[in-house]
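Since every read-out is calculated from the coordinates, none of them should be taken as a lab result. No experiment lies behind these values; they were computed from the predicted model shown. Heads up, the Cβs are rebuilt from the backbone with ideal geometry, glycines too, and the neighbour counts pull from every protein chain shown.
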Amino acid sequence: MSNAVTVERVYNFSAGPAVLPEPVLEQVRDEMLCLPGVGSSVLEISHRSPAFEEILDNTTQGIRNLFQVNDDYEILFLQGGSRLQFAMVPMNLIPAGESADYLVTGSWSQKAAQEAVGLTDSKIVWDGKPDRYRSVPQTGDYETNTAARYLYYCSNETIQGVQFQDHPEGKNLVCDASSDFLSRPMDISKHAVVYACAQKNAGPAGVNVVILRRDLLDAIPDGLPGYLDYRSHVDAGSRYNTPPTFAIYVTGLVLNWVEQQFGSLESIQKHNEQKCALLYDVIDRYSDFYIGHAVERDRSKMNVTFKFDNEKFDALFKTMAAERQLTNLGGHRSVGGIRASIYNAMPVAGVQTLADFMEEFAQQNG
Ligand code: PMP
């Protein structure tokens with residue numbers, strides 16, 4: 001039977017799950033029936049087989065190489081998304097009666113803080129809510145508690161489109177890097193824990209990368225349920241239960257693509273800076289028409305968010321954009337407006353097409 005379907009890929013600005021590199025999708029397609037030398041699909045092999053062992057090792061090594069993660073850190077692949085890390089981090093890192101400090105810069109860190117405050121005596125030491133989460137704090141804007149076990153931040157708020165340009169000052173940093181992981185270098189050695197769900201920059205939905213400083217394992221409170229205790233996953237090499245093998249495999253291919261295509265995270269950072277500048281340039285030139293959400297200093301290089309003075313333009317913008325194959329540009333349901341997510345795999349041509357359209361739209365309607 002012939003399946004002659006015309007496949008035309010659009011420019012997909014989805015916030016996640018999001019666009020993946022085309023060479024990765026092609027390799028997944030080519031290897032779907034049979035992994036080279038294995039005789040079965042990656043979907044069909046045991047998580048304890050030598051073939052999967054190699055995939056897991058390569059994926060771990062890819063992260064170690066790109067971020068220069070040293071042996072003081074474990075790299076885990078877990079399920080439950082970043083949402084589970086909102087709970088696992090305080091459960092594992094904060095002994096009974098103790099606390100951590102949270103910087104709340106948008107919807108995701110707010111949810112993480114809420115979880116920690118519910119489980120422990122943790123404190124919110126900076127909250128951007130009164131300013132509608134348009135910025136992130138600078139050193140001196142917040143005071144940490146000396147007894148706090150860690151300082152938590154979200155490097156890039158996917159919904160509001162604000163990003164830390166560098167890590168905040170504080171000891172034992174814990175970072176939710178879900179939406180800018182792999183998009184720029186990151187000094188892992190300044191962190192106790194860095195975690196990220198894969199479905200934005202690193203791979204498909206289903207796997208969470210957790211980079212964890214080893215010495216923290218010694219202080220994990222006893223009595224946690226097995227899956228929720230980091231030690232279970234460290235001891236079992238991320239195979240305490242059956243891990244999301246396919247998602248780990250695709251993440252490994254994305255890491256290879258980053259290495260081959262860009263060579264380093266410094267290089268991909270430059271590429272991402274050029275891409276977002278195309279959009280922010282239009283927003284700034286038509287600032288009476290496009291109302292950018294983030295303050296200029298803290299603009300996200302991954303999620304470009306803006307609104308119109310008149311909400312009637314939201315629908316028109318999305319409809320006209322879709323006619324040009326520019327899709328999934330709606331802001332998150334909690335904030336509305338427009339959000340263009342331009343992760344690593346979004347080509348420059350896609351961002352340029354969007355920038356050209358925005359210019360035209362402003363000229364016609366502004
Ligand atoms: N943190 C951030 C910054 C996110 O963008 C998301 C997902 N959009 C999450 C946490 C939650 O991730 P998950 O759905 O994998 O639990």
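Both numbers refer to the Cα atoms of the range 111-193; Rg and Dmax are 12.6, 33 Å. The Cα-based radius of gyration and maximum Cα-Cα distance (Dmax) for the range 170-261 are 14.2, 45 Å. Summary value for the chain: 22 percent relative contact order, contacts being C-alpha pairs under 8 angstrom separated by 6+ residues.
Take the Kirkwood radius over Cα pairs of the range 265-365, plug it into Stokes-Einstein at 25 °C and 0.890 mPa s, and you get 179 µm²/s for translational diffusion. Note that the range 19-25 has calculated 3J(HN,Hα) couplings of 4, 10, x, 4, x, 5, 4 Hz, one per residue in order, obtained from phi through the Karplus relation 6.51 cos²θ - 1.76 cosθ + 1.60 (θ = phi - 60°); glycine and proline are x.
Sorted fewest first by neighbouring Cβ atoms within 10 angstrom, 346, 320 come out as 320, 346.
For the pair residue 10 and residue 315, the difference between a 0.36 nm per residue extended length and the Cα-Cα distance amounts to 107.9 nm. Remark: the chain is approximated by an ellipsoid whose semi-axes, taken from the C-alpha gyration tensor as √(5λ), come to 33, 29, 16 Å, largest first. In this structure, the pairs whose alpha-carbon distance is over 31 Å, taken from 190/307; 123/312; 270/312; 129/318; 123/275, are 190/307; 123/312; 270/312; 123/275. Percent of Cα pairs in the range 218-258 per distance bin of 10 Å, from zero to the largest separation: 25, 38, 25, 11, 0.
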